[in-house]
Amino acid sequence: MRNLLVILTAILVLTASSCSKKEKLSEQINKQLDSITHSLVLSVNPKQLDRLTISINDFIIEYPSDSLSSKYLFELARVNQSRGAYKESIAALDRILKDFPMAKERGVSVFMEGFIYANLLHDLPKAKEKYESYLSIYSGQNDKMVRDAKLELENLGKSAEEIFKQIQANADSLK
């Protein structure tokens with residue numbers, strides 16, 4: 001009986017310290033994300049971003065099945081996209097798709113990759129692949145994103161001027 005009590009106490013202490021460690025790491029990541037998000041208006045300090053990346057990777061290693069892991073990767077992808085680090089953004093999004101099969105961010109990650117490939121990297125074949133993948137796998141999740149993906153596919157490779165002319169021609173034909 002005494003051994004059982006000692007074992008239960010040890011388990012409780014380990015569980016409490018584990019939760020505390022998770023909460024501390026999560027709080028640290030949230031503070032770093034807030035700091036970087038606020039500084040994006042000006043310029044992100046590369047050391048801040050390095051610390052954030054390390055913190056997120058530490059969190060994922062420590063808590064690989066936690067829903068916060070995929071959330072933090074998605075936030076890292078957004079930060080990287082905002083600062084023009086498109087390849088790093090895509091790498092984080094790919095990691096969500098590869099390592100987190102149940103993540104709620106999966107659909108938007110595929111769409112975001114399509115957007116980055118189409119509008120920022122101008123890799124139209126890859127963009128088409130991503131948008132079509134979004135439509136085939138995630139079309140039942142978000143009607144607005146489905147419309148946006150279809151619109152992106154229809155206008156892939158067109159300039160803003162071409163799109164405007166097409167909209168204007170469609171409006172004229174309705175009159």
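The values are calculated or read from the model by the stated rules, or taken from the named source; none is laboratory data. Everything numeric in this text was worked out from a predicted model, so none of it was measured. Virtual Cβ from ideal backbone geometry, glycine too; neighbours counted across all protein chains shown.
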Inside segment 158-175, can you point out the residues that are assigned to a helix (DSSP H, G or I) and within 34 Å of the chain's Cα centre (by Cα)? 160, 161, 162, 163, 164, 165, 166, 167
Which condition number in (1) under 26 Å from residue 88 (Cβ atoms); (2) among the small types (Gly, Ala, Ser); (3) modelled with pLDDT of 90 or more is the one that residue 157 fails? (3)
Does any residue of segment 164-174 turn out to be of a type outside the set (Phe, Trp, Tyr) and either in contact with a helix residue (DSSP H, G or I) (Cβ under 7 Å, 6 or more places away or on another chain) or at pLDDT 95 or above (or both)? no
From the set of residues in segment 104-157 that are part of a loop (DSSP other than H, G, I, E, B) and either more than 18 Å from the chain's Cα centre (by Cα) or small (Gly, Ala, Ser) (or both), which is surrounded by the fewest Cβ atoms within 10 Å (Cβ to Cβ)? 140
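Here is a check on your reading of the model: is residue 71 without any contact (Cβ under 8 Å) to a residue 40 or more places away in the chain and either within 17 Å of residue 52 (Cα to Cα) or crowded, with 17+ Cβ neighbours inside 10 Å (or both)? Break it down stepwise before answering.
Details: without any contact (Cβ under 8 Å) to a residue 40 or more places away in the chain: yes; either within 17 Å of residue 52 (Cα to Cα) or crowded, with 17+ Cβ neighbours inside 10 Å (or both): yes.
Against the criterion (without any contact (Cβ under 8 Å) to a residue 40 or more places away in the chain and either within 17 Å of residue 52 (Cα to Cα) or crowded, with 17+ Cβ neighbours inside 10 Å (or both)), residue 71 qualifies.
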For segment 42-62, what are the residues that are at pLDDT below 90, surrounded by fewer than 19 Cβ atoms within 10 Å (Cβ to Cβ) and of a type outside the set (Val, Ile, Thr)? 42, 43, 45, 46, 47, 48, 50, 51, 57
Take the residues in segment 104-115 that are aliphatic (A, V, I, L, M) and touching a Leu at 6+ places or on another chain (Cβ under 8 Å), then tell me which one is nearest to residue 85 (Cα to Cα). 112
